[in-house]
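First comes the structure, then the notes that go with it.
Every number in this text was worked out from the coordinates using simple rules, so none of it is lab data. This structure is a prediction, so every number in the text was calculated from the model and none was measured. With ideal geometry, Cβ positions are generated from the backbone for all residues, glycine too; neighbour counts draw on all protein chains shown.
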Amino acid sequence: MSSSSNAPRRTLLLTGASRGIGHATAIRFSSAGWRVITCSRHAFPEACPWGAGPEDHIEVDLADHDDTTRAISEIRTRLDNDELHALVNNAAISPKGPGGSRLSTMDTDIETWSHVFRVNFFAPIMMARGLIEELKAARGAVVNVTSIAGSRVHPFAGVAYATSKAALASLTREMASDFGRVGVRVNSIAPGEIDTSILSPGTDKIVEEKIPMRRLGTPDEVAKIIYVLCTETSSYVNGAEIHINGGQHV
């Protein structure tokens, strides 16, 4: 339970929880006593390490607006006291070309652009707007997960992914302006090269040549900052984008 034994348990809604940063975020919040409700395209994993059950997992295709709307309604029925203390929009897709190649502006078809933006950009604002009353009731926080690829051309991240993350960073500012007026803070984090399963071959060269700290970040190093942005430590932080990249762009 939470640190104060008679305080109500806080609730996090997390999209994209099954691996990497999302997985570490679920563990970080759960370890601090939060209830973690997860959303993904897949069924609830049997080997879940944070003690949640299928009742705290919702299968949803975030690329499908109708299915996302359905999931939001289902989430609302599952919330205790109609309160949501934190929403972390972490789910994202980054399609590759043949042989894992980078998809550029020249070879990304319009359906790929559309699919990526539905998951990476539209789903976050749909989730936040759909749950605004519950966020207001808890004076909660929203964290959008952007990317280092949203501000510079990246050697591996495809153009649809990169531009969706740039748009999400801009959306974070707009949301901070609108949601902040009703007591809900909205911030983003922009991870750099984090040690997850989606790293591309050649990342070691970026570490060697571009990152002053000479190492990859860990998913938990990102999750710790997400946690801070959802708790009282950051009570006057609104509209920020925090770069977690070991100094890659200094």
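Taking a Cβ cut-off of under 12 Å around Tyr161, the surrounding Lys, Arg, Asp and Glu residues balance to a net charge of +3, with basic ones at +1 and acidic ones at -1.
Only Cα pairs under 8 Å and at least 6 apart count here; give the relative contact order of the chain as a rounded whole percent.
Values: 467 pairs, mean separation 48.1, N = 250.
Reported relative contact order: 19 percent.
Just to verify a number: FRET efficiency for Glu74 and Ala137, C-beta to C-beta distance, R0 = 22 Å, to 0.05? Intermediate results must be reported in sequence, preceding the final value.
On the way: r = 18 Å, r/R0 = 0.82.
In this case the efficiency is close to 0.75.
Taking Lys and Arg as +1 and Asp and Glu as -1, the other residues whose beta-carbon sits under 12 Å from that of Ile148 total +1. Once both labels are positioned 7 Å from their Cα atoms along Cα-to-Cβ, the gap between Lys205 and Ala32 label points is 3.9 nm. Note on Lys210: lysines with a C-alpha under 29 Å away, same-chain residues under 8 apart excluded, are Lys96, Lys165, Lys224. With respect to the chain, whose longest principal axis is taken over its alpha-carbon atoms, helix 159-179 is tilted by about 30°. Rg and Dmax of the chain, both derived from C-alpha coordinates alone, stand at 17.5, 58 Å. With a cut-off of 14 Å between beta carbons, the residues surrounding Tyr236 carry a summed charge of +1, where Lys and Arg count +1 and Asp and Glu -1. Site pair Ser114 and Glu174 shows an inter-label distance of 2.0 nm when each label is modelled 7 Å from Cα along Cα→Cβ.
Using the Cβ-Cβ distance between Ala7 and Thr105 with R0 set to 45 Å, the FRET efficiency works out to roughly 0.35.
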